[in-house]
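A.B. asks: Once you've had a glance at the structure underneath, I'll fire off some questions.
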Amino acid sequence: STLQQYAQRELSNTPLYRTVRESGPDHRKSFLIAAVIADRQFTAAWGSNKKDAEQRAAANALAELHSQPLPYPDG
């Protein structure tokens, strides 16, 4: 929600989340998801479910927007 608030306030846009890749068997899937704002895709992040991956992707996007180190760099 922090990314959504920032994107709407500062960029006049709403972030979307794009599934880049899925990995693993159905009962233990991992998801690689990237946040996308306007036409800019940020560094993707892995999670054990879509919500977790989206939260990590949002953290990466906020870090990139503020020129800070990525919290989840191994996307």
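The values are calculated or read from the model by the stated rules, or taken from the named source; none is laboratory data. On a predicted model such as this, the values are computed, not experimentally measured, just so you know. Positions of Cβ are backbone-derived with ideal geometry, glycine not excepted, and every protein chain shown enters the neighbour counts. The area values use the complete protein model at the heavy-atom level, side chains included, leaving out ligands, DNA and RNA. Shrake-Rupley method; radii C 1.70, N 1.55, O 1.52, S 1.80 Å.
A.B. asks: For segment 13-22, just list the computed ³J(HN,Hα) in residue order, Karplus coefficients 6.51, -1.76 and 1.60, θ = phi - 60°, integers in Hz, with x standing in for Gly and Pro.
C.D. replies: 8, 10, x, 10, 10, 10, 6, 8, 7, 10
A.B. asks: About the Cα centre, and with charges only on the beta carbon of Lys, Arg (+1) and Asp, Glu (-1), how big is the dipole of the chain? Nearest 20 debye, please.
C.D. replies: 140
A.B. asks: Ranked highest first by average number of other Cβ atoms within 10 Å, how do 51-60, 11-20 line up?
C.D. replies: Top to bottom by mean Cβ count within 10 Å: 51-60, 11-20.
A.B. asks: Roll a 1.4 Å probe over the protein chains and send me the accessible area per residue for the chain in Å².
C.D. replies: 65
A.B. asks: Ignoring ligands, DNA and RNA, what percent of the accessible area of segment 27-75 is carbon or sulfur (1.4 Å)?
C.D. replies: 45
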